[in-house]
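J.: Below are the structure tokens for one structure; questions will follow.
The values are calculated or read from the model by the stated rules, or taken from the named source; none is laboratory data. Since we're looking at a predicted model, the values are computed, not measured. Note that we place each Cβ from the backbone using ideal geometry, even for glycine, and neighbour counts take in every protein chain shown.
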Amino acid sequence: MERFLRKAIILLAFALLIIPGWVGAHAQRWTEAKANAWYSQQPWLVGSDYIPMNAINQLEMWQAETFDPQRIDKELGWAEGLGMNTMRVFLHDLLWQQDAAGFKQRIDQFLTIAARHHIRPLFVLFDSCWEPDPKLGPQHPPIPGVHNSGWVQSPGEPALKDPSQYPRLKEYVHSVVGAFANDNRVLGWDLWNEPAGTPEVIALLPQVFTWAREAHPSQPLTSGTFQQNFAPFGPDKQSPITQIQLAQSDVISFHNYSWPEDFEKYVTGLEQYNRPILCTEYMARSAGSTFDTILPVAKKHHVAAINWGFVTGKTQTNLPWDSWERPYLKTPPTVWFHDVLHADGTPYREREVDIIRSLTGKSDSRN
């Protein structure tokens, strides 16, 4: 009983904190007209979820000791050569807590590199996926044969369960979004990747939209829906998280790793919201999601297409999800799951990069 009462008190505190902000944030959400006017000024957006091959997670990518602008420059040059014009890039609250000024300086350096290659990133602030207790400092090496074995959540579970840390999270959002709120090198802000359906996240997600809007960004806000069996898209069929995401996002984003007919059904279902649509995760070859089949559908509907993974490396996302239960220790998978290029920049499959170049209007000349 004591545990139940404690949980009820925490949830009530969340509600008292969040609900006023949620109402205020919703009132400031971009109108359909503003969202569509913004989208009309963008090229067809094509890119990847990006992390350099020598980083296992967000922390290793961005910490001062392991931040590698030369490698990033090389890889984004390869992306430019394919006609890609955006990348979805994950940040982390602990990086800001560790060294706010240094972290923002490295973001600025990344944006300078990206702009050199005509790439405007979509930055992700929070993430509910994988390791729940992230730690700063050196990260462990990849677990042999396992997909994405070092990815970390943001905020970690200890911070999520400790309301005294929420002011820090608020300041992280204010500080990072505010620093680049009027920076044309930034495409937009993806506030929370695949947010968990826990009471804490359900309560915090609307508040994160409020915090981001308080920084007055000129770029749109979003959080990608990822609910399975999403059709028929009625509120009575949607999880609480999906309802928040659809109600709060300036532009609608979603994840889909399934067959092209399912992808198109998802898109047509989302078109009822009359807002720009961005697919911020797709392409899992052995699950039926490929460049050959998905990119033409995305282009037909003018949906942004951002696939998971660019250069294979320490994330090992060329290995399939089933490697969590059955690591690929002796033999590689029959086909790569995610990723486009080998670490030296050569394509996993030449035909795929030809398709990407063709659909983006990029010439066949290599950078």
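J.: With surrounded by fewer than 16 Cβ atoms within 10 Å (Cβ to Cβ) and at pLDDT 95 or above as the only criterion, which of Gly47, Gly77, Gly83 stands out?
T.: Step by step, each of Gly47, Gly77, Gly83 is checked, and only Gly77 is surrounded by fewer than 16 Cβ atoms within 10 Å (Cβ to Cβ) and at pLDDT 95 or above.
J.: Looking only at region 50-74, filter to residues that are in contact with a Ser or Thr (Cβ under 8 Å, 6 or more places away or on another chain) and within 16 Å of Thr312 (Cβ to Cβ); which one of those is surrounded by the most Cβ atoms within 10 Å (Cβ to Cβ)?
T.: Ile51
J.: Is it the case that region 324-346 has a residue that's touching a helix residue (DSSP H, G or I) at 6+ places or on another chain (Cβ under 8 Å), exposed (fewer than 15 other Cβ atoms within 10 Å of the Cβ) and without any contact (Cβ under 8 Å) to a residue 60 or more places away in the chain?
T.: yes
J.: Could you run through region 286-336 and say how many residues are among the charged types (D, E, K, R), over 30 Å from Asn36 (Cβ atoms) and assigned to a helix (DSSP H, G or I)?
T.: Qualifying residue count for the region: 1.
J.: Here are Ser154, Ser239: which of them is at pLDDT below 95 and either of a type in the set (S, T, N, Q) or surrounded by fewer than 18 Cβ atoms within 10 Å (Cβ to Cβ) (or both)?
T.: Ser239 is the lone residue from the list that is at pLDDT below 95 and either of a type in the set (S, T, N, Q) or surrounded by fewer than 18 Cβ atoms within 10 Å (Cβ to Cβ) (or both).
Residue-by-condition table, conditions (1) in a loop (DSSP other than H, G, I, E, B); (2) closer than 27 Å to Asn274 by Cα:
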| site | (1), (2) |
| --- | --- |
| Met53 | yes, no |
| Arg71 | no, no |
| Leu76 | no, no |
| Gly81 | no, no |
| Met84 | yes, yes |
| Phe103 | no, no |
| Thr112 | no, no |
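Listed here are the residues, each with its yes/no results for (1) at pLDDT 95 or above; (2) closer than 20 Å to Asp133 by Cα; (3) out of contact with any His (no Cβ under 9 Å at 6 or more places or on another chain).
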{"residue": "Pro163", "(1), (2), (3)": "yes, yes, yes"}
{"residue": "Gly197", "(1), (2), (3)": "no, yes, yes"}
{"residue": "Glu200", "(1), (2), (3)": "yes, yes, yes"}
{"residue": "Asn229", "(1), (2), (3)": "no, no, yes"}
{"residue": "His255", "(1), (2), (3)": "yes, no, yes"}
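J.: Residue pairs, Cβ under 8 Å, 6 or more apart or interchain, first in region 187-199 and more than 19 Å from Arg120 (Cα to Cα), second in a loop (DSSP other than H, G, I, E, B) and modelled with pLDDT of 95 or more. List them.
T.: Filtered contacts from region 187-199: Glu194/Ser128; Glu194/Cys129; Glu194/Gly224; Pro195/Ser128; Pro195/Ser223; Ala196/Ser128.
J.: Only one of (1) over 27 Å from Leu295 (Cβ atoms); (2) β-branched (Val, Ile, Thr); (3) under 18 Å from the mean Cα position of the chain (by Cα) is not met by Ile51, so which one is it?
T.: So Ile51 meets the others, but not (1).
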